[in-house]
Every structure is written in C-alpha cells, then in structure tokens.
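Heads up: the structure comes next, in structure tokens.
The values are calculated or read from the model by the stated rules, or taken from the named source; none is laboratory data. Predicted, not measured: the structure shown is a model, and the values here were computed from it. Note that each Cβ is placed from the backbone with ideal geometry, even for glycine, and that neighbours are counted across all protein chains shown.
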Amino acid sequence: MGNKENKMFCFQCQETAGCSGCTVSGVCGKKPDVAAMQDLLVYVTKGLSAVTTELRFDGKEIEAYVNEMIIVNLFTTITNANFDKDSIIERIKNTLATKEELIRKVENREVLPEAALWKGTEADFEAKASRVGILSTENEDIRSLRELITYGLKGLAAYAKHAAALAHTDVEIDAFLQRALAATLDDSLSADQLTALTLETGSYGVKVMELLDKANTETYGNPEITKVNIGVGKNPGILVSGHDLRDLEMLLEQTQGTGVDVYTHSEMLPAHYYPAFKKYSNFIGNYGNAWWKQKEEFERFHGPILMTTNCIVPPKDSYKDRMYTTGAASYPGCTHIPGAIGEEKDFSAIIEQAKKCPAPEEIEHGEIVGGFAHAQVLALADKIVEAVKSGAIRKFVVMAGCDGRAKSRNYYTDFAKGLPKDTVILTAGCAKYKYNKLDLGDIGGIPRVLDAGQCNDSYSLAVIALKLKEVFELNDINELPIVYNIAWYEQKAVIVLLALLSLGVKNIHLGPTLPAFLSPNVAKILVDNFGISGIGTVEEDLKNLIG
C-alpha cells in the first residue's frame, strides 16, 4: 500500500475522508481487512482480464461465465455494496482458479503482466493485498488515470450485470471492459494513452446504458408518467432497495396471494414507472428517501428489507435480523439469498418473516410523479419544443446523480428552490430526493421536475438532448438550452460522467466536491478540454448557469 502508516487506502467515493482518502476505516463503514480483500479482488480480476484479452487476441472465444464473473467481481467492490470479507475471499479464490484454467490456453505467456501470473493461496492474500492497492502506482497522474478508468469500469460492470440479469449481453462490451482493465496494469502506457482510454471507457458507458435501457424496456415496457404513492398500506410489507429490477420481479411473483405487500426504497422508486410492474396489486408504493437515511427509515418500516445492490449503510442491531442481501451485495450477519445471473431466486425466507411483522409505520403520505424516460419525453416532444420556442421554458437543468449524507448537499435543494419558474429540472438517480418532494409546479402541464429513473437512466437524458439537437437543427449538443449541475457519490456516477464527456457535453458542474482521485494535472485536463468545474454558492451558480 506504499505508506506503512495507512491501515487502508481508498478514495473511490465522494465521501472519502478529508476529500483525500480513507486510511484508518472507510467513511462508508468498510473495515481495513475488507478494503484489502477488495483491493486484491480488483487485482486478480485485472489479471484474469489480461488473460482473456490475450486469448481473444489469439482468436479464442471467452465463455459467458467468465464475463459474468468479471462484472460481478467489479460490482462487488463498488462503494456500499459488499462488506463481507468471507464472500470476497471466496470470489478471489474462484477468480484465481478460473484464471489458472484459462492461462493454459495462452500461447505467448511472456506478454502477460504479473497479476495474470500470480498464483497465491489464501495464506498469501493479506501480504499480497498490501502491495497491490491504489498507492502501488507511484506516479500520481498515472495512478489518477488508472483509478478513473477502473472506477468507470466498475460502474459499467454494474450496468452490464443488470442487463445480463435480463438476458441482454454484448460480447463487444465485455471484451472492451476486460481489455481496459488489463491496460491499467500496463506500465508502458503514457498519460496521453490512458486519457484516450478514459474517453473510450465513456463511449462504452453509452453503449452499456443503451444495452440496459433496451433490456429494461423490452422486458418491462417503456416507463410512463406515473403517480407513486409514498404512504403505506395495512398489510405487512417487504422493502426492496438497490437497483435490480429482476430481483424485484421475482419477489413480486413470489408474494402474490401471501398477504404481504412490496414497497420500493431509494433507487428502486423508478420500478413503479414500468407498465409490467403495475399489474401487481400488492406493489404499494415507495417508502422513504435516498439511501443514506435508511437507519431511521428501515427501523420504522418494521418488515424485512432486501438489498439487491449497493447502497448499504451498516445496519443497526434493531433491524439487522430482517435485512437480507442478494447478488453482489453482502453484509456480515445478514442473510444472503443466493442465485447467479439468470437463476430463479427463492425469497420464501423473507416472505415468511414478513408475515410475522407489523405493517410499516407511515413516515409521509401523498404522491410523487415520475416516468419521464426518453420514450415518454419524446412523446411530449411537440409540447416541449413549443414551450422552448415560445419562451415558456428558458432552460433545462440536468441535476442527475447521487445523494449523500454531507450537509453540503443541501446546496442541491436550495439550487432547485432558487431556479426561476421558467426552468425545468431533468433528473435521474437518487439525487432527485433533494428536490422531488418540493412541489415546484409545472409549465403548461409539463412538470418542472422530470424524473427519468435510476442513475443508469441518465442515458435517457442524453437521448433527449440528442433528439432536441436534431429538432432544433443544431450542430453541437452544447448549443442547446441545457445546463448540467450534477451530484456524484460512487462509481456508477463516474461512468455516467465519462459517458456524457464522450458525447461531447461540456461545462458540467460537478459537486459537492471534485473527486479525490483526480490529480491536479488530470483535473486540469478535464477543465481545459471539457470545462468541468466544481460548484460555488447557490447564488453564483444560478447566475452563471441560468443568467
């Protein structure tokens, strides 16, 4: 790990200690021993990717289970997904075994990096992890670019996993993911070459979000304008958090006729917008707010909680025995529901526990409106174009991304409240919880907050922008009356950012702080080439962005 004083080193999320790095324990709750095993899992996954990339170079095909292993490994290391050291160690062992099997087929092993050749056993894991962490790359700029690419690939892997759960895969995306991961081990690559690879990662980010959008809409229909209940019913309930729609679908199927209701939490809210989920009469509404409020909200829900992905906040003992994980998510002491991609999962344990629990306690009531993904917005295109031409809508403000605990994030609520009445917010991700209950009104029937869905549905915002560019016959996406004030938290926001950059979007404001993993020189590249900037005061930014 370089610095012997550090018990760990992680700076992949926005809440990293002192905006420089977590060195004693993760702000997220990740302990140093877990952080070390995550570092090692990333390292061996890069080694496996170097092997698969070489095999493809030799014209050999890679089996689907290997591609799946790589995307789930990366998803496992995303902020707030997996805190369970044993499950991570199990993944390291399986990855090493798969790599040993494949390396036999490599014709020219001399070209492989050390990570591909390493054959350690569990006794070696701790020592090896201490040598392969983030700080093992000495040059600050090379380290910064390698981490930027790796975090983009973690986000890309998460989206690829959700698409794969709905039987949508793309060998070209898998091949790129593995080639790019392997490239972060290559000491011969210059900062310029890594910068080019960063942008290429963004363009594959667009491809993977397009793939996931297709998977979601072909499976569940196009999201449509929907009023979502935020109150509660009288039956016991199960609360589903995270991002995985397939897990939710299986749970809804299995709860039919059991007397148990199902609610969404945080990033699962957009499930209500899909036509396919509306047929379930026990699918009641959305409970609570963004991920970081879960300690008080999960306590008051009273029933079991299913975490399908990140974002887990280390649970309180008062509800730990009714918190379940599945997929890449895991937490020590919480029951994990098994099931690989494409397998049917058995949620009977959760359902049986729910039956014995009291109904959820109401924490708010009323409705919120969403469902403004690209198909729905394009259906309203004439109305929107007319509103822009008449001056009724002066600007669209993209306020997508993530929410988080920091008090500085109240900036986004104040910014939304301060926006003039002739502006419309386009949002996706859990950042919306800072302003989706403010009742900002509408412009000629068009709500002033248009929620496209989850963080991956930021793709919808790009599709809408490109369509408007075409309608207004503009040469450049940056000529549109759209400004970007985006909040970030974890690695899925990183791939969204890189995707927007690859589409040529400039002058994005990113907050509440710029990523700690951007070295001064790498930050300068982003500022000089793309006009990326941090946030200022609400007043300054309203003046700069809206005028």
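Among the residues of the stretch 210-231, are any assigned to a loop (DSSP other than H, G, I, E, B), surrounded by fewer than 24 Cβ atoms within 10 Å (Cβ to Cβ) and among the acidic types (Asp, Glu)? Show your work before the answer.
Here is the first cut: in the stretch 210-231, the residues assigned to a loop (DSSP other than H, G, I, E, B) are 221-225, 230-231.
From what is left, the residues that are surrounded by fewer than 24 Cβ atoms within 10 Å (Cβ to Cβ) are 221-222, 224-225, 230-231.
Those left that are additionally among the acidic types (Asp, Glu): 224.
Looking through the stretch 210-231, at least one residue is assigned to a loop (DSSP other than H, G, I, E, B), surrounded by fewer than 24 Cβ atoms within 10 Å (Cβ to Cβ) and among the acidic types (Asp, Glu).
Only a single item in (1) crowded, with 21+ Cβ neighbours inside 10 Å; (2) in the same structural domain as Phe57 (by TED's automatic domain parsing) is not met by Arg246, and it is number (2).
With respect to Leu194, determine if the residue is in a helix (DSSP H, G or I) and either assigned by TED's automatic domain parsing to the domain that holds Val494 or modelled with pLDDT of 95 or more (or both).
Values: in a helix (DSSP H, G or I): yes; either assigned by TED's automatic domain parsing to the domain that holds Val494 or modelled with pLDDT of 95 or more (or both): yes.
In short, yes.
Hey, can you tell me all the residues within the stretch 469-510 that are among the small types (Gly, Ala, Ser) and touching a strand residue (DSSP E or B) at 6+ places or on another chain (Cβ under 6 Å)? Break it down into steps so the answer makes sense when it comes.
From the stretch 469-510, those among the small types (Gly, Ala, Ser) are 487, 493, 499, 502, 504; that's our starting set.
Hits for the stretch 469-510 are Ala487, Ala493.
What are the residues in the stretch 469-519 that are within 23 Å of Gly242 (Cα to Cα) and hydrophobic (A, V, I, L, M, F, W, C), if any? Ile486, Ala487, Trp488, Ala493, Val494, Ile495, Val496, Leu497, Leu498, Ala499 - these are the residues of the stretch 469-519 that are within 23 Å of Gly242 (Cα to Cα) and hydrophobic (A, V, I, L, M, F, W, C). The single condition among (1) without any contact (Cβ under 8 Å) to a residue 40 or more places away in the chain; (2) on the phi < 0 side of the Ramachandran plot that Asn507 does not meet is (2). Does any residue of the stretch 134-144 turn out to be without any contact (Cβ under 8 Å) to a residue 60 or more places away in the chain, under 23 Å from Lys492 (Cα atoms) and part of a helix (DSSP H, G or I)? Checked against the condition, which is being without any contact (Cβ under 8 Å) to a residue 60 or more places away in the chain, under 23 Å from Lys492 (Cα atoms) and part of a helix (DSSP H, G or I), the stretch 134-144 yields at least one hit. Does Tyr65 satisfy the condition of being aromatic (Phe, Trp, Tyr) and more than 22 Å from the chain's Cα centre (by Cα)? So Tyr65 passes the test.
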